[in-house]
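Worksheet: one structure, shown below.
FYI, it's all coordinate maths here, none of it is from the lab. Note that the structure is a prediction, hence the values are computed from the model and not measured. Note: ideal-geometry Cβ built from the backbone for every residue, glycine included; neighbour counts use all protein chains shown.
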Amino acid sequence: MGRGGKQPTLAQLRAFDAVAEHLHFRDAAAAIGMSQPALSGAVSALEDVLGVQLLERTTRKVLLSPAGERLAGRAKDVLEAVGGLMEEAEAVRGPFTGALRLGAIPTVAPYLLPSVLRLVHERYPELDLQVHEEQTASLIEGLLAGRLDLLLLAVPLGVPGVTELPLFDEDFVLITPLDHRLGGREGIPREALRELNLLLLDEGHCLRDQALDICREAGRGELPVTTTAAGLSTLVQLVAGGLGVTLLPRSAVKVETSRSSQLLTGYFAEPAPTRRIALAMRTGAARGAEYEELAGELREAMSALPVRVVPH
């Protein structure tokens with residue numbers, strides 16, 4: 001109990017937690033959608049309730065006081081416990097109701113979301129599906145922090161506290177300009193990647209890392225990177241313009257190559273390089289059974305795509 005019988009409010013704890021994480025009032029306020037004056041007032045009120053100084057404020061920066069250092073972890077534990085309470089309450093109200101915050105990587109979202117959205121609309125009309133497209137690192141951070149509920153992305157992740165629900169495997173294919181010697185060929189050996197001018201996505205995309213891994217497995221050393229793209233659409237247009245070749249997952253080929261008549265698709269010899277796509281959830285999530293059921297429905301829905309559904 002605080003001084004005078006008062007107790008901290010959740011708003012005060014959220015404000016302090018944000019400042020403890022960012023050590024900057026403006027960034028902390030932006031992170032939790034609160035104005036700076038309101039944030040500062042909430043932290044001051046918390047200090048008054050607890051009877052301790054949590055922050056050392058200067059004109060240049062914000063630091064945690066010794067008391068702030070000790071109590072920041074406790075504040076986070078309280079907020080996580082409250083979040084778990086709300087998640088549990090939402091789960092018991094009824095399966096596949098309420099909000100489901102789904103995160104998806106950019107190299108999956110445009111090609112698989114039509115199947116996901118159609119399935120949710122037809123099977124789970126009471127579910128409020130909210131989609132967030134972000135890169136893998138941001139998605140995992142959001143999942144573990146409770147900002148997201150479920151992820152659709154390439155695995156394995158190897159992240160403690162995250163459970164993967166595999167959906168399917170898909171091959172990579174080689175996208176080339178019309179005049180390229182490997183354009184339209186089948187049975188391309190992986191070793192051909194040693195000599196190709198391969199165009200890649202920007203850093204941070206897992207597809208970039210997968211392409212580099214495939215090149216290393218083919219025996220290629222360090223890959224000189226002179227041109228990159230923020231998304232697959234731009235990457236494919238660079239190929240159409242004759243700047244090089246690239247690797248695309250099979251699920252993206254129909255959408256991306258239909259935008260240009262200057263492209264050909266080549267197929268690798270078996271075993272072709274592949275990636276696995278899965279749903280990922282927090283281990284022990286209150287709605288885990290729902291997410292597993294959704295994964296099963298998605299496997300069935302995606303069996304019509306050029307992929308190999310993972311038995312489960």
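Tell me, what is the percent relative contact order of the chain, built from C-alpha pairs under 8 Å that lie six or more residues apart?
20 percent
Taking Cα centroids, how far is segment 39-115 from segment 196-230 in Å?
Their Cα centres are 36 Å away from one another.
Under a crude label model (7 Å from the Cα following the beta-carbon direction), how far is residue 202 from residue 53 in nanometres?
If labels sit at residue 202 and residue 53, their model points lie 4.2 nm apart.
Can you give me the relative contact order of segment 3-82 as a percent, contacts being Cα pairs under 8 Å and 6 or more apart?
Rounded, it is 35 percent for segment 3-82.
If we count other beta carbons within 10 Å of each Cβ, what is the order of 108, 82, fewest first?
So the ranking, lowest neighbour count to highest, is 82, 108.
Which of 285, 89, 42 ends up with the largest GNM mean-square fluctuation for the chain, with Cα atoms connected below 10 Å?
Largest GNM mean-square fluctuation: 42.
Could you please rank 277, 214, placing first whichever residue has the fewest other Cβ atoms within 10 Å of its Cβ?
Details: 277 25, 214 20.
The fewest-first ordering by Cβ neighbours comes to 214, 277.
Where in segment 135-205 are there GluC sites (Glu not before Pro) that are in a DSSP coil and have at most 16 other Cβ atoms within 10 angstrom of their Cβ?
Sparse-neighbourhood loop GluC sites (Glu not before Pro): 186, 195, 203.
Net charge within 14 Å of residue 26 by Cβ-Cβ distance, Lys/Arg positive one each and Asp/Glu negative one each, not counting residue 26 itself?
Combined, the nearby Lys, Arg, Asp and Glu give +1.
Residues with beta-carbon under 12 Å from that of residue 235, excluding residue 235: net charge, scoring Lys, Arg +1 and Asp, Glu -1? Before the final figure, lay out the partial values.
Numbers: positive: 208, 259; negative: 202, 256.
My count for the surroundings of residue 235 gives 0.
For Cα Rg over 2.2 N^0.38 Å, one of (1) 1.07; (2) 1.24; (3) 0.97 was computed from the structure I shared and the rest are decoys. Which label?
Among (1) 1.07; (2) 1.24; (3) 0.97, the one calculated here is (2).
Please compute the contact order of segment 215-298 in relative form: average sequence separation of alpha-carbon pairs under 8 Å and at least six residues apart, divided by the residue count, as a percent.
Relative contact order, segment 215-298: 18 percent.
How much FRET efficiency would the formula 1/(1 + (r/R0)^6) give for residue 137 and residue 185, where r is the Cβ-Cβ distance and R0 is 25 Å, rounded to 0.05?
0.10
Percent antiparallel among DSSP beta bridges with both residues in the chain, to the nearest 5?
The antiparallel fraction comes to roughly 65 percent.
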